[in-house]
Amino acid sequence: MRTRFPATPAWMRWLPVLYVAALLLLEPVTPVRWPVSFVLIALPLVAAFAHGPLVVAGATVFAIVMEGVLAGTPCCAGRSVGYLWDRHYVAAYICTALVGVLGTILAAHRVRRERTLADVRFVADIAQRVLLRPVPHRIGALLLDSLYLSAAAEARIGGDLYEAVPTRYGVRLLIGDVRGKGLLAVETAAALLGAFREAAHDEPALPALVDRVETSMTRRAALLGGHEVGERFVTAVFVEVPLQDPLLRVVNCGHPPPVRIRAGGVRELDRGRSAPPLNLGVLAGEPYHVDEYSFRPGDRLLLYTDGITETRDPGGAFYPLLERLGSWHSLPPRGLLERLHDDLLAYSGDRLRDDIAALAVCLLADEPAVPPPSPAG
């Protein structure tokens, strides 16, 4: 797979041509004593913004030739041939050559930086695919899809995470948001996902699953040490869709509540019994509460991170998620997330301030129950 450079805007690529065209339009209307051709000294630097060193070197030669043409061509600039070797024009040729050398070096440095940035983004893409594996698009009677959207194009991965694991107890879902950014957040997200993927198959009860993940996160934070141990926490929601029962089991650890979408309305699945975020649960010392909600064929479930509800329009108003979801109740998971993605970008003026992750689930009608996984998996 080849590394792709960041795209350069078209206006920047054409800027040297426009620069020369503007000069040629200005030259005939200025007095002979005002040699506008001197501004060609800056042409190599203008070209260095968007082009490589070879193009900049060519632009330098072109600028020197054009300066000579405009200096000693009576039909074009109204000057005699004697101006060609006037000391002012000779100084302009030398300055243009020096600026051209600097512009060529600058362009070569810029190309190297772009190549490095492209390589870093490529590695980040691979890391995201390893960390956030695509969820299965169908598990028995469930349709699933996921969305991850970074606020910065250069930062492809962060602390938002999601997962869907089919087990003999049902399909278990997770969405979470690690406090902070950077490598520590990515490492914490990887540790959480690893603990969840392992424990989801072993623990028959949802509170036991959450408790085991909490223990893993607390142990990891203690091993890391430092003064930020108490601050390395993760908000998360754990959801279980049982094999037979038409319901959802939810344990919320300080995260925005899931949303159930059906033709009759949109509801936040929140009964006000949220536990503390992971790695802070030991401070509370209370058992995890499991809330149960009906989940009928045709219902949709949306799990999301707070980057969605904290998206603002240019006027500062928060994104009205529940209001928007009411008109999307008939969309499949992929269509729902695509509509949500497009609507968030339009609402924010294409200026997202935080990373966004979402997981959408739909229970199909007239389908068999979610099958348990094979013994091998």
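The values are calculated or read from the model by the stated rules, or taken from the named source; none is laboratory data. This one's a predicted model, so the numbers in the text were calculated from it and none came from an experiment. Cβ placement follows ideal geometry from the backbone for every residue including glycine, while neighbour counts extend to all protein chains displayed. Areas reflect the complete protein model, heavy atoms only, side chains present, ligands, DNA and RNA absent. Shrake-Rupley method; radii C 1.70, N 1.55, O 1.52, S 1.80 Å.
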Quick one: Karplus J couplings for segment 298-303, per residue in order, coefficients 6.51, -1.76, 1.60, θ = phi - 60°, nearest Hz, x for Gly and Pro? x, 6, 10, 10, 10, 10
Quick one: how many Å² of I308 are accessible to a 1.4 Å probe, rounded to 10? 0
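So if each residue of separation counts as 0.36 nm, and I subtract the Cα-Cα distance between L345 and A42, what length gain in nm does that give?
Values: separation 303, 0.36 × 303 = 109.08 nm, distance 3.83 nm.
Going from the current span to full extension adds 105.2 nm.
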Expressed as a rounded percentage, what relative contact order does segment 266-328 have, with Cα pairs under 8 Å and six or more residues apart? 29
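Keeping all protein chains in place and using 1.4 angstrom, which order do F62, F238 fall into by accessible surface area, from largest down? The partial results should precede the final answer.
On the way: F62 95, F238 0 Å².
So the residues, ranked largest to smallest area, are F62, F238.
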What FRET efficiency comes out for L26 versus C95 if R0 is 22 angstrom and r is the Cβ-Cβ distance? Round to the nearest 0.05. 0.65
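In the neighborhood of L269, defined by Cβ-to-Cβ distances under 13 Å, what is the net charge if each Lys or Arg adds +1 and each Asp or Glu adds -1?
Values: positive: R249, R260, R262, R267, R271, R273, R300; negative: E240, E268, D270, D291, E292, D299.
In short, +1.
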What are the ³J(HN,Hα) couplings of segment 243-257, residue after residue, when phi is run through the Karplus curve with 6.51, -1.76, 1.60 and θ = phi - 60°? Round to Hz, x for glycine and proline. 5, 10, 6, x, 8, 10, 10, 10, 10, 10, 10, x, 10, x, x
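Between L223 and L117, what is 0.36 nm times their sequence separation minus the Cα-Cα distance? Round to one decimal in nm. Each step should come with its number before you reach the end.
Details: separation 106, 0.36 × 106 = 38.16 nm, distance 3.27 nm.
The span from L223 to L117 would gain 34.9 nm if fully extended.
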Could you tell me the calculated FRET efficiency between T8 and E187, based on Cβ-Cβ distance and R0 = 25 angstrom, to the nearest 0.05? 0.15
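Starting from the Cα-Cα distance between D202 and D313, subtract it from 0.36 nm times their residue separation and give me the gain in nm to one decimal.
Details: separation 111, 0.36 × 111 = 39.96 nm, distance 4.41 nm.
The span from D202 to D313 would gain 35.5 nm if fully extended.
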Estimate the FRET efficiency between R138 and A108 by the formula 1/(1 + (r/R0)^6), using the beta-carbon distance for r and 51 Å for R0, to the nearest 0.05. 0.50
Distance in nm between label sites at R324 and D245, each 7 Å beyond Cα in the beta-carbon direction? 3.3
